[in-house]
1. Can you name every residue in segment 114-139 that is in a loop (DSSP other than H, G, I, E, B) and of a type in the set (Gly, Ala, Ser)?
2. Does segment 159-191 hold any residues that are among the β-branched types (Val, Ile, Thr) and either open to solvent by 30 Å² or more (accessible area, probe 1.4 Å) or not in a loop (DSSP other than H, G, I, E, B) (or both), and which are they?
3. Test of understanding: among VAL104, VAL33, which residue is open to solvent by less than 20 Å² (accessible area, probe 1.4 Å), out of contact with any Asp or Glu (no Cβ under 8 Å at 6 or more places or on another chain) and modelled with pLDDT of 85 or more?
4. Being among the charged types (D, E, K, R), farther than 21 Å from THR58 by Cα and touching a residue at least 60 places away in the same chain (Cβ under 8 Å) is true for just one of ARG226, ARG131. Which residue is that?
5. Would you check if ALA142 is under 22 Å from SER197 (Cα atoms), at pLDDT 95 or above and not in a strand (DSSP E or B)?
6. Identify all residues within segment 135-158 that are under 24 Å from ALA92 (Cα atoms) and open to solvent by 30 Å² or more (accessible area, probe 1.4 Å); write none if there are none.
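The values are calculated or read from the model by the stated rules, or taken from the named source; none is laboratory data. Model, not experiment: these values are computed from the prediction. Because the Cβ atoms are built from the backbone with ideal geometry, glycine has one as well, and the counts that use them run over all protein chains shown. Accessible surface areas use protein heavy atoms only, side chains included; no ligands, DNA or RNA. Shrake-Rupley method; radii C 1.70, N 1.55, O 1.52, S 1.80 Å.
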Amino acid sequence: MKNTHLSRSASTRLLALFPLCLAAHTASADITVSYDSPLVPAGLRPGDSFHLVFLTSTKVQRDLLDGADDGSDDSTIGQWDAHVNSVADAAAETAIGSVNWFAVVSLDNLSDGNPGTAAKDHAVVSAPVYRTDGALVANDMADLWDGSLAVTINLDEDANPVSGWAWAGGPSYAGDGTIGSQPVGNGTNSATRGDTSVTTVHWHGHGGHLVGTPDASEHVYALSERITIE
C-alpha cells in the first residue's frame with residue numbers, strides 16, 4: 001500500500017477511535033484513490049466506484065469483544081466496526097489510513113433496547129464489490145444479498161486465503177442481510193455463523209446446528225466504504 005494517494009471530503013479515520021459513533025456511519029462516496037493505486041481492481045477506470053470486502057485473518061471471541069468476560073455477548077455494532085478497522089489498518093493491502101470499514105454482521109443488542117442493525121443496512125453497498133485480490137464478488141447490493149455470490153469471500157485483508165466460519169447473525173438458510181433469530185450481540189449464548197467456503201445463502205447464515213457460544217471465536221467479514229477512482 002505504499003505511495004497510495006487518497007483524498008476525502010468528509011469524516012476521517014479518527015472516528016475509529018469512537019466505536020459507538022460508527023454505528024451511525026454508512027458507506028459513502030467520500031473516498032477517492034488514484035488510478036494507479038494497488039487498491040483498484042483490474043479493468044476499472046477513472047470515475048468508476050467500488051467496494052472491497054475481506055475476511056479477517058484473525059478470529060474474535062464475542063464475549064471479549066463486548067468488553068466483559070461474563071458469558072453473554074452484549075457487543076455493539078461500533079465495537080465490531082472498530083475491530084475490522086483495526087485489522088485493516090495493520091495489513092499491507094488495506095492499511096491506507098483513511099478508508100472506513102464496516103463489519104458485515106447483523107446485530108441485536110437486547111441489553112439496551114437496541115432494535116437491531118441489519119448487515120445490509122449497516123455495511124451499505126452502492127457499487128460493485130471486489131475481494132482484495134480483485135475478483136468480483138457482486139455487482140451491487142441486490143446481487144450481494146440474492147443468495148448467490150460470484151466468488152467466495154475467503155480472502156483476508158492481505159489477499160491470503162482463510163478457511164473457517166465468520167460471525168454473521170443473519171437468518172438461517174437465507175443470506176439476505178437481515179437480522180436472524182440468533183444475531184450477534186443478542187445477549188444469549190448463540191449466534192449464526194457464515195460458511196466462508198461457499199457462494200450460496202450459507203455464506204451469511206447457516207443452520208441452527210452451526211452456532212457458537214460467546215466464548216467461541218470466528219472470523220468477521222469487512223466491507224469498505226465506497227471508493228472512487230480519480
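1. Once the filter is applied, which keeps residues that are in a loop (DSSP other than H, G, I, E, B) and of a type in the set (Gly, Ala, Ser), segment 114-139 yields GLY116, ALA118, ALA123, SER126, ALA127, GLY134, ALA135.
2. Of everything in segment 159-191, those that are among the β-branched types (Val, Ile, Thr) and either open to solvent by 30 Å² or more (accessible area, probe 1.4 Å) or not in a loop (DSSP other than H, G, I, E, B) (or both) turn out to be THR178, ILE179, VAL184, THR188.
3. VAL104
4. None of the others qualify; the one that does is ARG226.
5. Yes; evaluated as a whole, the condition is true for this residue.
6. Answer for segment 135-158, where residues must be under 24 Å from ALA92 (Cα atoms) and open to solvent by 30 Å² or more (accessible area, probe 1.4 Å): LEU136, VAL151, ASN154, ASP158.
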